[in-house]
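S.K.: Below you will find the structure I want to go over with you.
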Amino acid sequence: MTSWCDKLASVPTVGLALDFHFAGSDTILTALTHVWDPLVEGQKARFELEKLEAFTVTINTHDGFKYSVEPSKASVSFNHRMRPKAVSGGAPVMEMLSQPLPFTELLPIVNKKLVEAALALPGAKGRHFRRYGIVSSTPVAEDDLPPGIRRMLDYMGKPWGKLDDAFSLQVTARLGKGANFYDRCVHTILRSDDSQDLMTVMFDYQRTYNEGQPITTTALKETAASTERAALKYFEEIAEGDRFDEVNIRDEVNA
C-alpha cells in the first residue's frame, strides 16, 4: 500500500532533543568531517555552510540533506536542491541537484544519517537524548488533501461554519505511552491569503522518554526504527480520517 506521504511528495525531517553541550562550531564541524569530506565533485565542495554561530552549525548538501546542530538539538532534513545551468544559445535552465524519492524511501535514509551524525557529536559518549521526532512536511493543493485532513479542517471550522480563506492551525495531542516513554504529535496546517499558494501540512511525531537515553548505536537505532513505524502508522490514520468521524468521537467521549 502506498503511503499518502508518498503520493503527495512529503519530505522528512528527523531530530533529537539532547542534554545541553556547548561545543564550539569549529568543534562540531571537525567532529562531522566524515560527513563533509566525501561531498566533493572535482575540486568543488557539494555543500553550503548556511549557518555558523558560536555553538550552532547548519550545512545543506547538494544531495538535499540539511544537517543542523545546536547545543541541545540535532536534526537532518531533506530539501529539494536546484541550481541554474547555463545553456549555449539560450536562457539558463534549472538543474535538479537532489534526487526526489518517495517519503517512505527518504525517511530511513534521513534516520540513518541522523544516527550516524549523533554518534559523532562532540561529547556524545557522555550525553543523552530525551526526545526523537519525525516530521512530514507537505505542500499541497486543497483539492489534493487526503480525506482525513479535510475532515480535520471541517471539524475545526464547525464553531464558525467553516474556516476562513487564510488560517494557521496547530494542535498538539498525546497519542499513547510505553513503559518508559510517551508519544505525541504536533499537527500544523497553514493556508495563506494568496489562493495561488499551496497549503502546508506538517505532522511532527515525537517520542519522549521519561529518562534520558544514552547516545549509543543500539539505543539510537532501536528508537529510530520504532518511532518510524509508529509515525508512519499514525500519519496513515490521520489521512484516512476516522479520528474525525463525529460518530467515533461521540462514542469515545461517552465510553
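The values are calculated or read from the model by the stated rules, or taken from the named source; none is laboratory data. These numbers were taken from a predicted model, which means no experiment stands behind them. Note: areas computed on protein heavy atoms with side chains; ligands, DNA, RNA excluded. Shrake-Rupley method; radii C 1.70, N 1.55, O 1.52, S 1.80 Å.
S.K.: Highest GNM mean-square fluctuation, the chain, Cα pairs closer than 10 Å: which of L49, L114, L106?
M.R.: Of L49, L114, L106, the Gaussian network model singles out L49 as fluctuating most.
S.K.: Thinking of the stretch 98-153 as a set of Cα atoms, what percent of all their pairs are more than 18 Å apart?
M.R.: Within the stretch 98-153, distances greater than 18 Å cover 56 percent of Cα pairs.
S.K.: Computed from the mean reciprocal separation of all distinct C-alpha pairs, what Kirkwood hydrodynamic radius does the stretch 112-255 have, in Å?
M.R.: 17.2 Å
S.K.: Tell me the volume per residue, in Å³, of the convex hull enclosing the alpha carbons of the stretch 55-143.
M.R.: Convex hull of Cα atoms, per residue: 157 Å³.
S.K.: So which aspartates and glutamates pass the test for K51, namely a Cα distance under 15 Å, with those fewer than 8 places away in the same chain ruled out?
M.R.: Partners within reach: D26, E70.
S.K.: Among the helices of the chain (complete DSSP H runs), which have Cα atoms covering no less than 24 Å along the helix axis and a Kyte-Doolittle mean of at least 0.5?
M.R.: The answer, listed by residue number, is 103-120.
S.K.: Accessible area per residue of the stretch 99-255 at 1.4 Å probe, in Å²?
M.R.: 55 Å²
S.K.: Would you compute, from DSSP H runs of 4+ residues alone, the mean residue ellipticity of the chain at 222 nm, taking -39500 (n - 2.57) per run and dividing by the full residue count, rounded to the nearest 500?
M.R.: Counting only the DSSP helices, I get -9000 deg cm²/dmol.
S.K.: Roughly speaking, what is the centre-to-centre gap between the stretch 1-20 and the stretch 214-242 when only Cα atoms are used, to the nearest Å?
M.R.: The two parts, judged by their Cα centres, are 10 Å apart.
S.K.: Provide, for q = 0.19, 0.20 Å⁻¹, the log10 of I(q)/I(0) from a solvent-free Debye sum over equal Cα point scatterers in the stretch 115-192.
M.R.: With no solvent term, the Cα-only Debye profile gives -0.95, -1.00.
S.K.: In whole percent, what relative contact order does the chain give with Cα contacts below 8 Å and a gap of six or more residues?
M.R.: Here the relative contact order equals 21 percent.
S.K.: What figure, in Å² to the nearest 10, do you get for the accessible area of F22 with a 1.4 Å probe and non-protein molecules left out?
M.R.: So the heavy atoms of F22 present about 120 Å² to solvent.
S.K.: If you take semi-axes √(5λ) of the Cα gyration tensor in Å from the coordinates, which of (i) 38, 19, 17; (ii) 33, 27, 15; (iii) 29, 23, 15 do you get?
M.R.: (ii)
S.K.: Ok, one more. Please tell me the relative contact order of the stretch 1-63 in percent, rounded to the nearest whole number, where contacts are Cα pairs under 8 Å and at least six residues apart.
M.R.: Numbers: 43 pairs, mean separation 16.5, N = 63.
The normalised contact order for the stretch 1-63 reaches 26 percent.
S.K.: With 32 Å as the limit, write out which pairs from K125/K177; K7/K85; K73/K158; K73/K162 have Cα-Cα distances beyond it, or answer none.
M.R.: Beyond 32 Å: K73/K158; K73/K162.
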